[in-house]
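Nothing in this text is a laboratory measurement; each read-out follows from the coordinates by a stated rule. A quick note: this is a predicted structure, and the numbers were derived from the prediction, not measured. Note that each Cβ is placed from the backbone with ideal geometry, even for glycine, and that neighbours are counted across all protein chains shown.
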Amino acid sequence: MIAFLPAGWKESKNIFSIAALYGDKSTNPMIKRTLYFGNPAYLKTTNEQLVIEMHDTGETKTAPIEDIGLLILDHQQITITQALMAKLLANNTAVIACDHTHHPTGMWLSLDWHTL
């Protein structure tokens, strides 16, 4: 868990979210969400929703995948399904994984804007 949150962040039972604007307003007026996970969780998908099962509380929450712009995974006991990863990347959501020192170690990005 992090001790200090940047301005604009709101705490909601172990999940931190901030609104971030992606793209130019004239081409993409959609505001996407950034979700930060700093506690053990099981992340999966059902009906185009991100389903979050918190290990410590047993609480389950959902969020529409289309509303997510960035997912930050900052705990070694987070489990994420391949089906969810595929849906997030198809929706142009960036996924960042952090190591045990809470520093980013990798980022998954969609290949829609890249050529091979």
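Tabulated data for the structure shown
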item: Using θ = phi - 60° and Karplus 6.51 cos²θ - 1.76 cosθ + 1.60, couplings along segment 46-53 (whole Hz; Gly, Pro as x); result: 8, 6, 6, 10, 7, 9, 10, 10
item: Extension reserve of the TYR42-GLN76 stretch, reckoned as 0.36 nm per residue once the Cα distance is removed; result: 11.1 nm
item: Net charge, THR93 excluded, C-beta distance under 14 Å - Lys, Arg +1, Asp, Glu -1; result: -1
item: Antiparallel DSSP beta bridges within segment 68-108, percent to nearest 5; result: 50
